[in-house]
Every structure is written in structure tokens, then in C-alpha cells.
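Notes follow the structure.
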Amino acid sequence: MPNQFVFNDNDQPLYVDMVNTFQAPDISAPPEISASQAAVLYSTNTSASSLVVLSLISAIASIRISNASGSGKTVYISRISGSIGGSSLLSAMSGSFTIVKGGTLTSPATLTPTNNNLGSSATSAMTVQSSTAAISGGTTLFNYQLAPGAFTQNFTGSIIVPPGTAICANVTSSSSAVGLTITSALGLLWWEQ
Amino acid sequence: MPNDSVFNQSSQPLFTEQVNTYVAPGIDSAPEGGAAKAGLLFGIPFTSTVTTAAPLVIQISNPGGSGRTLYVSRVTASSATAAVTLSLLRNATVTGTTVTPINYNFGSALTSVMTARTSTAAPTGGPATLVSLLLAVGPVIVDFTGQIVVPPGNSITTSVTIASGSSAATTSISWWEY
């Protein structure tokens with residue numbers, strides 16, 4: 001008589017019941033740790049400043065990550081951060097932060113993503129651009145009013161940008177306080193697999 | 001005589017103790033990561049000016065017999081002034097514009113089976129309140145990660161209200177469904 005299966009059927013995963021407790025907790029970490037060790041975690045940042053001279057003015061920072069068709073890589077968004085600040089009079093400024101599916105940039109400049117594994121020479125397969133104009137087109141995923149300071153939204157891979165698609169983000173700060181210099185800054189973190 | 005089970009009984013899960021350390025942590029992720037890979041993570045944003053008479057309302061309604069259950073992932077809101085309130089309501093009545101949920105996997109053709117509406121009229125129907133938060137200027141993110149479950153025939157509503165005056169405001173809700 002053949003042996004029965006020792007555990008579950010051999011076409012099934014092995015069902016396990018973890019018995020760790022608070023005295024011996026399981027140690028786990030988010031996927032970004034593995035991605036950075038594998039040198040596939042990338043950052044990009046941009047900022048824009050404006051001096052308020054006469055009337056209401058804005059400082060606009062936009063970034064687009066475009067995943068070309070046939071790139072062979074998929075982008076998993078880890079985190080998107082936006083911040084606004086000024087030289088003084090922070091109560092006299094306002095800001096907004098937008099994340100858009102698709103979209104395009106006006107007069108874009110090329111950004112070179114930074115590998116979060118500082119010893120790696122691996123480079124991103126994405127086309128990353130910045131602009132000091134607003135995003136054109138696309139479908140808004142998130143929109144926020146900002147207070148002066150930094151704001152981060154973690155996604156941990158829950159926005160996926162496959163080949164042939166793109167994602168844009170934008171931070172805009174505005175003020176009409178004459179003499180105030182306002183700054184908008186924007187950063188994205190993602191892994192490619 | 002048949003073999004005994006080597007570890008636990010073969011009808012039971014194998015009891016294991018995870019012995020990873022900080023040097024070699026196990027990698028795990030939130031359910032949203034898997035839901036997005038499956039093309040089943042969706043969201044609706046809404047931006048408007050909130051006034052006392054015109055709140056910002058998003059309702060995600062799971063139709064009876066949809067065959068799927070909704071799990072709330074995240075609710076966000078923001079305001080340009082203080083004294084704005086974010087509320088989450090159970091089974092409110094909302095009449096508004098039907099909107100199409102956005103798939104967070106940009107390459108997925110899957111669509112949500114939920115009925116999503118945005119409105120600037122106050123919800124009715126005497127709904128129960130799940131969450132009520134008074135906001136400062138700026139954004140807030142409330143992660144639920146499945147803590148709110150919406151089976152067929154139920155709905156979840158986010159509402160951004162202001163006691164007096166008006167303010168630029170936003171809200172959004174994201175969820176997975178299966």
C-alpha cells in the first residue's frame with residue numbers, strides 16, 4: 001500500500017499555523033527592503049520655487065513616470081510625497097497635491113532616477129520627467145489640499161504601472177503675500193520588477 | 001501498520017514558528033498589494049468646494065446579488081481651512097452622479113461591480129456613523145486595510161462637511177472587492 005501524503009496533498013501548499021507570540025514575534029519587513037537589496041528600488045525628486053512680486057503666484061512641481069511598451073518591467077509605486085513651504089508667512093500660502101493615472105507634462109525635463117541601493121549601478125527602465133507646469137489630461141486618482149509641511153502617502157505596491165502606461169504627480173503652492181518665496185517639492189519612490 | 005504522521009496530524013495545519021530576524025526579515029505586504037496585482041483594487045476621488053449646504057459625498061454601494069464583497073482599504077480627505085469634518089456612514093441614502101471607479105492596476109481591464117456615486121447633497125436615511133474626524137488644514141489618510149466589510153446589499157459613504165463658511169476640500173475612498 002502506498003504511503004498517504006505526509007502533509008497536505010502534494011498539489012496543495014503546505015498549510016501552516018504560525019505559533020509566534022509576543023515573546024517571540026515574527027520578524028517581517030515590507031517589500032521595499034527586498035527591492036532595495038535587489039537594487040530595483042528607485043527615487044526621483046523635483047522642486048520649484050517662486051517669488052511673489054505683485055499678486056497671486058504659484059510654484060508648480062510635476063513628475064511623470066512613463067513605462068514604455070515592451071519595457072519588460074512593471075512599476076510598483078511605493079510612496080509619493082509632496083511638500084510646500086515658504087520663506088515666511090506660512091499662513092499666507094496654500095497648496096494642493098494631485099496623483100494622476102496617465103497624463104502628460106508640458107515642456108518636460110529629464111530626471112535620472114536614483115537607485116536606493118547606493119552601491120548599485122543598476123538604472124531604471126522608466127522614462128522619468130519633471131515640469132514646472134500642471135499635468136495635462138489623465139484621470140485623477142488623488143487630490144489633496146496641503147498645509148505647509150510634508151505629506152506622504154504610502155502605497156507599498158498598490159498602484160501598478162505596467163508597460164504602456166504612466167503615472168503623474170503634482171504639487172502646487174500658491175501665495176499672494178508680496179516678498180514671500182514659496183516652494184513646492186515632490187518625490188516618488190517605486191520598485192521595478 | 002500505516003505510518004504515523006511525521007509532524008502534526010495530516011488533517012491539521014503544520015504548526016510553525018517563524019524564526020526570521022532583523023538580519024533576514026520575512027517579506028510581507030498589505031492585502032492591497034495582492035489586490036492591485038489581481039486588478040481588484042479600486043478608488044474614487046472627489047474634489048469640490050464644501051459649504052454648509054453642499055458637503056462632499058462619495059458612496060460606494062454593493063448591489064444585492066453582486067457576488068462580491070467590498071473591503072475598505074483607505075479613506076482620505078483634505079481641506080484648505082480648519083473645522084471641516086470627515087464622516088464615514090453605514091448604509092446611507094445618496095442620490096448623485098454615477099462615477100466609474102479607477103482600477104489601481106493601470107494595465108487591468110477589470111471593472112468594479114460596485115455602484116459609485118459622488119454628490120454635494122447631504123446623505124439621508126438616518127445612517128449609522130462609523131468614523132467622525134475633525135480636520136485641520138491639510139490632508140489626512142485613514143487606513144482601514146479591510147476593517148470595514150461591505151457585503152452585497154450594503155453601502156459605505158464618506159462625507160466631508162463644514163459647519164459654516166466654505167473651503168476647498170477633497171475626499172477619496174479605495175477598496176478591494178472579490
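Answer rounded, prolate or oblate for the protein assembly as shown, using the Cα gyration tensor with square roots of eigenvalues a ≥ b ≥ c: rounded when a/c is under 1.5, else prolate when a/b is larger than b/c, else oblate.
oblate
For region B:124-172 and region A:52-84, what is the separation of their C-alpha centers, rounded to whole Å?
27 Å
Give the relative contact order (percent, whole number) for chain A; include only Cα pairs under 8 Å separated by 6+ residues.
That works out to 40 percent.
Please compute, for peptide A:132-145, the average count of beta-carbon atoms on other protein chains lying within 10 Å of each residue's beta-carbon.
5
If you take every residue apart from B:Thr100 with its C-beta less than 15 Å away from the C-beta of B:Thr100, what net charge results, scoring Lys and Arg +1 and Asp and Glu -1?
Charge balance near B:Thr100 sits at +1.
Running a GNM on chain A with Cα contacts under 10 Å, which residue among A:Leu41, A:Leu180, A:Leu54 ends up with the highest mean-square fluctuation?
A:Leu54
For peptide B:101-108, how many partner chain Cβ atoms fall within 10 Å of a residue's Cβ, on average?
Whole-number average of other-chain Cβ neighbours for B:101-108 is 6.
When you count, for each residue, the other Cβ atoms within 10 Å and take the mean per peptide, how do A:99-111, A:21-33 rank with the highest first?
Highest to lowest by the protection proxy: A:99-111, A:21-33.
Taking region A:61-181, how much of its Cα-Cα pair set, in percent, is spaced more than 26 angstrom apart?
Of all Cα-Cα pairs in region A:61-181, 25 percent lie more than 26 Å apart.
Compute the Cα gyration tensor for chain B, then decide on rounded, prolate or oblate, letting a ≥ b ≥ c be the square roots of its eigenvalues: rounded whenever a/c is under 1.5, prolate when a/b is larger than b/c in the other cases, and oblate in all that remain.
prolate
Arrange the peptides A:154-164, B:62-72 so that the one whose residues have, on average, the most other Cβ atoms within 10 Å appears first.
With the highest mean Cβ count within 10 Å placed first, the list reads A:154-164, B:62-72.
Can you give me the C-alpha center-to-center distance between region B:69-98 and region B:6-64, rounded to a whole angstrom?
About 19 Å separates the Cα centre of region B:69-98 from the one of region B:6-64.
Read-outs: derived from the displayed coordinates by stated rules, not from any lab. None of these values were measured; they are calculated from a predicted model. As a convention, Cβ positions derive from the backbone with ideal geometry for all residues, glycine included, and neighbour counts pool all protein chains shown.
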